[in-house]
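Below: the structure, in structure tokens.
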Amino acid sequence: MFQDLLLSQIRKKNASKSIIEEISKALDISYDAAHRRASLKSKISLDESVLLANYFGLSLDSLFGQANHGFISIQRTPQIHNENQLEEYLKGSYKSLKKILNKKTAKVFYSAKDIPVFHLLKSKELCRFKIYLWLNSFSKDKDSTPFHKFYPKLSTVQVINDLIGLYNQVSVSEIWDITTINSLLKQVYIFFKKGKIAVKEAIILCDSLKIVLKEIVSKAVLSNNNYRLYQNELLLVNNNVLICNEYERALFVPSGMLSYFKTKDEEICDRALKYFDKQTENSRSLDTYTEIDQDLFYKTLVKKIEVLIRLLKDEKTCA
């Protein structure tokens, strides 16, 4: 069963090439020996399975999950405690995503409980705040550095720019609800209350968010681009992300801030894709709104930001 699945995945990966010749190269064995393995006349050993998986870019854990019904294989992201580890995490994310998204048929489906970080990181101030937030949340040591003195490394920002470029080049469908903006506003307010961010800085972040939202809406209302923003008032969005191309899929399920469980299990990814398709059918794409409704959508989000700005100013006055 396992060998059948392994060979099936190899054939999918190498539809235009001779599977026997490729196995022969991967295992450094003769054509006849490769033929016996491809025809199931000889068993593929565990060591050979590892070599083939590495050669063809396959996940043995995922294949094991397919061979054993009821089990799925997941991969968790590493823990982060400092900026160097964050940078390595981002580099690993870019490398992992690029394998799937660097195809013309690549697509991203995002159930956005929070504003997708790819949008926020385009803003210099919001990018700086998100990195500051992550490091303060992950670090084992209590860092007393205030926000106005914090600046990320240029190498970290460069990796972030690479991730943004990757996200912008593919077809993206995001599902938002009216609470998608809430998490970021709460984070800004909490850091203000902790004395990490001054009122002036918090208001600058709020103003930057308005600009980002305006750019998102402006992009979403165009009917001739690869970005679709759907609004669904009934769906409980959860930050699940499905990425796929014509050859493979991967589902990312959040397990904490900037932490995900990843699976390439075919059945699970197929279910996720059907779920996303069903939800987009039951949602409204922003490009189908009238101009009045598009403006109302944006203003509804901005009102939430204005409420926070007033709260910040009031608390400063009372302090």
- request: Express the carbon and sulfur contribution to the solvent-accessible surface of the stretch 88-214 as a percent, rounded to the nearest whole number, probe 1.4 angstrom.
  value: 54 percent
task: Between ASP28 and LYS124, take the C-beta separation as r, use R0 = 45 Å, and let me know the FRET efficiency to the nearest 0.05.
output: 0.35
task: Just tell me, in residue order, which DSSP H segments of the chain are both 18 angstrom or longer along the helix axis (alpha-carbon based) and at least -1.0 in mean Kyte-Doolittle hydropathy.
output: 83-101, 124-138, 154-168, 199-220, 291-318
Extent along principal axes [Cα atoms of the stretch 83-209; Å; largest to smallest]: 47, 35, 23
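As a check on your grasp of the helix formula, calculate [θ] at 222 nm for the chain: sum -39500 (n - 2.57) over DSSP H runs of n ≥ 4, divide by the residue count, round to the nearest 500.
-18000 deg cm²/dmol
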field: Range in the chain, longest, excluding exposed GluC sites (Glu not before Pro) [loop by DSSP; at most 15 other beta-carbon atoms within 10 Å]
entry: 1-232
message: Quick check: residue separation of GLU306 and ASN224 times 0.36 nm, minus the Cα distance between them. What number comes out in nm?
response: 26.3 nm
message: Counting heavy atoms of the protein chains only and a 1.4 Å probe, report the per residue accessible area for the chain as a whole number of Å².
response: 55 Å²
statement: Subtracting the Cα-Cα distance of LEU273 and ASN82 from 0.36 nm times their residue separation yields 65.3 nm
statement: Per GNM of the chain with C-alpha springs under 10 angstrom, the most fluctuating residue out of GLY165, GLY256, GLY57 is GLY256
- request: Taking only the C-alpha atoms, wrap a convex hull around the chain and report its volume per residue in Å³ as a whole number.
  value: 153 Å³
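Sort out the exposed loop trypsin sites (Lys or Arg not before Pro) in the chain (DSSP loop, at most 12 other Cβ within 10 Å) and tell me the longest stretch that has none. Provide the component values of the computation, followed by the final result.
Values: sites that count: LYS17, LYS41, LYS43, LYS104, LYS140, LYS142, LYS194.
Answer from the scan: 195-319.
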field: Added length on full extension, which subtracts the Cα-Cα distance from 0.36 nm per residue, LYS214 to SER144
entry: 21.8 nm
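The values are calculated or read from the model by the stated rules, or taken from the named source; none is laboratory data. Quick caveat: nothing in here was measured; it's all calculated off a predicted structure. Glycine also receives a Cβ, built like all others from the backbone with ideal geometry; neighbour counts cover every protein chain displayed. For the accessible areas, the whole protein counts, side chains as well, though only heavy atoms, and no ligand, DNA or RNA atoms are used. Shrake-Rupley method; radii C 1.70, N 1.55, O 1.52, S 1.80 Å.
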